[in-house]
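Novice: One structure, pasted below without further comment.
Each value in this text was obtained by applying a stated rule to the coordinates, not by laboratory testing. Keep in mind the model is a prediction, meaning the values are calculated, not measured. Cβ coordinates were reconstructed from backbone atoms using ideal geometry, including for glycine residues, and neighbour counts include every protein chain displayed.
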Amino acid sequence: MKQVAIIGSGVAAVSLARAILRRRDDVAITLLEAGSDFRLANYRTWLDHLMTKALPHTPFMDAASDVEADQFALEGSRLFCRGGTTNLWGGIALRLKPEDFRLHSLTSRGADWPIAYADLVEWYEKAEHALDVSGESATADPPRHEARYPFPAIPFAALDAPVMDAMTALGIGYEPVAIARHGTRCMTTGTCRYCPLDARYAAGSDLDRLAAEYPQTHRLRVLLDSPVRKIVLRTRKSCAGVEYIDRRNGSSHTLDADTIVVAAGTIESAKLLLASATPDWRNGLGNQSDTVGRYLMIHPFLGVSGVMPDNRDRHAQELNFPTLVSRHFDTPVQQRAGKLFFAREGNQSARAIEDDLLQQKSPAEIRHLIETHTRLDLRGMMETFGAPHNRVAIANGQTRFGLPRTRIDFLVDESSLAARAAHEASLRRILEKAGCADIRVDPRQTPRGNHACGTCRMSDSPADGVVDADLRVHDIENLYVCSNAVFPSAAAANPTLTLVALAIRLAHHLTTA
Amino acid sequence: MPVDRRTLLTYALSGLLAHVAPVGASPTRIEAGSKWLQFFSDENGPASPQLRGALEGADALLLLRYARDVAAVCGWEESFANYAPRLSSDLNLKTTEAPSYLSEYRSAARVLAAAYEALPDAASTVTHVLFADYGHSLENTVLGRARKYVFAEILTHLVSQIGFRSFGSINYRGYIAGPVNAPGSFRHARRTR
């Protein structure tokens with residue numbers, strides 16, 4: 001039996017494990033997760049989330065003290081638990097566009113991918129099915145080659161209407177959201193961050209399904225509370241296994257493996273390669289060009305909101321996810337300055353009637369506020385470009401998950417601030433056209449790690465990257481990275497769908513090689 | 001503890017009860033009031049979360065009575081009868097599974113019992129337990145904990161299951177309105193792409 005060790009238990013790890021197990025019956029997989037157990041779709045947990053509004057995921061988030069950074073926040077942007085960060089994500093599932101794979105060739109900025117959009121098309125379709133995506137299949141940009149989403153697009157909400165009218169008048173395109181919502185399980189509970197019905201894709205639940213499919217522990221094992229401290233080499237070009245700690249008793253262990261896949265997210269994947277330095281790899285595995293940890297990219301979030309001119313029908317935010325999105329500013333024209341993806345997204349300004357009542361507003365007063373003060377929000381994320389000085393490194397000390405603390409150096413570049421201002425002006429024009437009053441631009445946030453990528457980027461050559469087009473670490477024959485860390489560019493799209501496409505593609509590579 | 005002038009002002013200003021509050025009523029003494037200001041717990045989360053069990057019948061009825069009275073004051077009484085079994089079942093789950101709210105619910109029930117006995121009607125009782133100002137912080141006190149862990153949480157539950165409809169919505173955070181692609185689970189835009 002061939003042994004594959006996957007470090008992490010998030011969406012990349014689970015998608016990869018399933019695709020390998022289905023293709024080969026002579027492979028055994030062990031997932032090593034630093035965090036603890038976490039279960040979804042528990043009614044009592046959901047009831048507490050409903051009644052207190054607290055997130056049950058909080059114990060699995062970074063603490064502020066886990067990170068040394070002047071201008072970067074990780075708290076709330078990722079989870080250390082069984083199933084990882086998709087236990088909390090919003091679920092927007094976008095393909096990158098063809099030009100995103102040729103960023104440097106087209107703009108002289110950032111880096112190209114060593115693969116093209118065409119190389120991922122087949123895997124994107126499988127990823128959309130793996131994530132139970134609801135979406136509009138009849139779209140041409142990016143080309144779908146007749147691929148159909150597993151579930152139909154979710155209708156536009158009533159609150160979208162004034163924005164749709166304004167965008168039409170301005171010649172700005174829009175479309176229904178493509179989102180990981182199971183089209184028959186979703187019952188619109190309005191509590192998507194902790195869905196009681198398991199209708200938003202979450203790798204924790206997917207791992208339950210996978211474990212049920214492969215109950216034999218010799219095929220699939222999940223080791224929780226098991227932070228991997230080091231990848232152990234057999235020779236300069238070959239790994240022997242991993243060293244990990246059992247956090248429950250502090251004991252150290254070694255796990256032998258024929259193939260090792262680091263699927264621990266953008267920050268931890270880079271740190272593990274750095275922590276595994278040997279005399280042959282003095283700066284860390286795959287780091288002969290000092291690229292590991294560098295070119296960290298994020299998506300700055302931006303938002304503009306305004307008060308609806310007339311809401312006599314008392315429309316309100318009735319769903320917990322956006323239904324209207326736009327990729328109008330996500331085209332080759334905007335690529336050089338930085339593309340934008342945006343949505344009408346009202347969760348942050350949705351009126352909480354219970355809070356109004358507890359602030360001693362009368363029902364009549366609340367109805368009046370809904371009619372006269374309902375806000376429309378446009379929120380987006382924009383593309384930024386990799387820079388070598390934006391980097392992840394290992395800091396002294398340990399987190400409560402048994403992992404090294406993180407050092408992040410990150411500078412926001414001036415050109416992205418100019419692009420941001422231009423995008424905010426575009427969103428403002430839409431709300432002005434919709435007749436909104438009191439239009440406000442969200443203050444700029446501290447850069448956050450939510451969509452972090454780029455620290456182990458793909459490249460044709462070890463001179464300018466960490467892994468090759470098959471996600472194999474350059475010059476190490478059985479070590480792979482399957483994480484947003486391998487993205488050479490961030491584009492203006494949530495990274496998860498592309499990550500899953502890469503994971504399924506990697507499984508194909510590993511089982512046919 | 002007398003209901004002082006400030007509390008009466010709260011009644012008068014309380015929009016929640018604007019049409020029923022006993023504005024100008026004589027001050028009412030709540031004998032148990034001083035106990036409400038005593039320290040109860042500083043646990044982050046429900047007190048004694050390991051103490052599990054079904055809430056005693058009388059206490060459960062008091063919590064239901066509070067919910068019914070809030071519903072009545074807000075004009076949602078017609079929907080309450082159908083909703084009450086759901087609330088009972090959910091409150092029971094919160095005392096029988098960890099982390100248990102049993103200690104918090106028992107303590108809040110004692111507050112409600114005293115308030116219902118001392119105050120002239122349901123509306124003023126609801127207003128008092130939710131809003132009465134005692135002039136200093138209620139954090140970690142019997143009343144402060146009851147407000148946070150019981151009265152506010154039940155109000156949130158109530159709004160999410162029946163109250164929101166009176167504000168024009170057909171779906172709300174926590175309400176299970178039906179399949180995402182079915183008409184009636186949320187209000188759609190009249191136009192498409």
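Novice: Starting from the 7 Å offset along Cα-to-Cβ, what nm value, one decimal, do you get for the label separation of A:R440 and A:H373?
Specialist: Output for this residue pair reads 1.1 nm.
Novice: Turning to a different aspect of this structure: Quick one: grab Rg to one decimal and Dmax as a whole number for the protein assembly as shown, Cα atoms only, in Å.
Specialist: Just the Cα atoms of the protein assembly as shown yield Rg and Dmax of 27.5, 88 Å.
Novice: For the stretch A:271-321, what is the convex hull volume of the alpha-carbon atoms per residue, in Å³?
Specialist: Once divided by residue count, the hull of the stretch A:271-321 is 108 Å³.
Novice: May I ask you to evaluate 6.51 cos²θ - 1.76 cosθ + 1.60, the Karplus curve with θ = phi - 60°, for each residue of the stretch A:444-456 and list the ³J(HN,Hα) values in order in whole Hz, giving x for glycine and proline?
Specialist: After applying 6.51 cos²θ - 1.76 cosθ + 1.60, I find 5, 8, 4, x, 10, x, 3, 10, 4, 7, x, 7, 9 Hz.
Novice: Under 20 °C and 1.002 mPa s, how fast does the stretch B:20-165 diffuse according to Stokes-Einstein, given a Kirkwood radius computed over C-alpha pairs? Answer in µm²/s, whole number. It would help to have the intermediate numbers written out before the result.
Specialist: Numbers: Rh = 15.6 Å.
It comes out at roughly 137 µm²/s.
Novice: Sticking with this structure for a sec: How long are the three semi-axes of the equivalent ellipsoid of the stretch A:44-117, in whole Å, if each is the root of 5 times an eigenvalue of the C-alpha gyration tensor, listed from largest down?
Specialist: That gives 35, 19, 10 Å for the three semi-axes.
Novice: Next up: Can you list the HN-Hα couplings for the stretch A:401-415, worked out from phi with the Karplus curve (6.51, -1.76, 1.60; θ = phi - 60°), rounded to whole Hz and with x for Gly and Pro?
Specialist: Once rounded to whole Hz, the list reads 8, x, 9, x, 5, 10, 10, 10, 10, 8, 10, 7, 8, 4, 5.
Novice: Would you calculate the separation in nanometres between label points at A:R314 and B:S88, each defined as 7 Å from the Cα along the Cα-to-beta-carbon direction?
Specialist: 2.9 nm
Novice: Debye calculation, C-alpha points only, no solvent: report log10 I(q)/I(0) for the stretch A:198-331 at q = 0.12, 0.15, 0.20 Å⁻¹, in the same order as the q values.
Specialist: Debye intensities relative to I(0), on a log10 scale: -0.77, -0.97, -1.28.
Novice: Further, regarding this structure: If each Cα of the stretch A:264-406 is one equal point scatterer, what is log10 of I(q)/I(0) from the Debye formula at q = 0.14, 0.15, 0.17 Å⁻¹?
Specialist: With no solvent term, the Cα-only Debye profile gives -0.84, -0.88, -0.96.
Novice: Another one. Once the Cα atoms of helix A:363-373 and of chain A are each reduced to a long axis, what angle between those two axes, in degrees from 0 to 90 to the nearest 10, is obtained?
Specialist: 80 degrees
Novice: Another one. Determine by what factor the alpha-carbon radius of gyration of the stretch B:116-191 differs from 2.2 N^0.38 Å, reporting the quotient.
Specialist: Against the empirical 2.2 N^0.38 Å value, I get 1.57 for the stretch B:116-191.
Novice: Same structure again: Could you work out how far apart the two model spin labels at A:R185 and A:H389 are, taking each label as a point 7 Å from the Cα in the direction of the beta carbon, and quote it in nm?
Specialist: With each label point 7 Å from Cα toward Cβ, the separation is 4.6 nm.
Novice: How much space per residue, in cubic angstrom, does the convex hull of the C-alpha atoms of the stretch A:1-125 take up? Don't skip to the end; give the middle numbers.
Specialist: Values: hull volume 24.0 nm³, N = 125.
So the per-residue Cα hull volume is 192 Å³.
Novice: Continuing with this model, one more query. Using 0.36 nm per residue of separation minus the Cα-Cα distance, give me the extension gain between A:A116 and A:D70 in nm, one decimal.
Specialist: Numbers: separation 46, 0.36 × 46 = 16.56 nm, distance 3.58 nm.
So the chain would gain 13.0 nm between A:A116 and A:D70.
Novice: For A:S137 and A:S105, compute 0.36 nm times the residue count separating them, minus their Cα-Cα distance, and round to one decimal in nm.
Specialist: Answer, rounded to one decimal: 8.6 nm.
Novice: Extension gain A:A54-A:D460, at 0.36 nm per residue separation less the Cα-Cα distance, in nm?
Specialist: Taking 0.36 nm per residue and subtracting the Cα distance, the gain is 141.6 nm.
Novice: So how tilted is helix A:203-213 from the main axis of chain A? Cα-based, degrees 0 to 90, rounded to 10.
Specialist: It is inclined by approximately 50 degrees.
Novice: If R₀ is 51 angstrom, what is the calculated FRET efficiency for the pair A:D37 and B:E56, using the beta carbon separation as r and rounding to 0.05?
Specialist: That pair, A:D37 with B:E56, gives E of 0.90.
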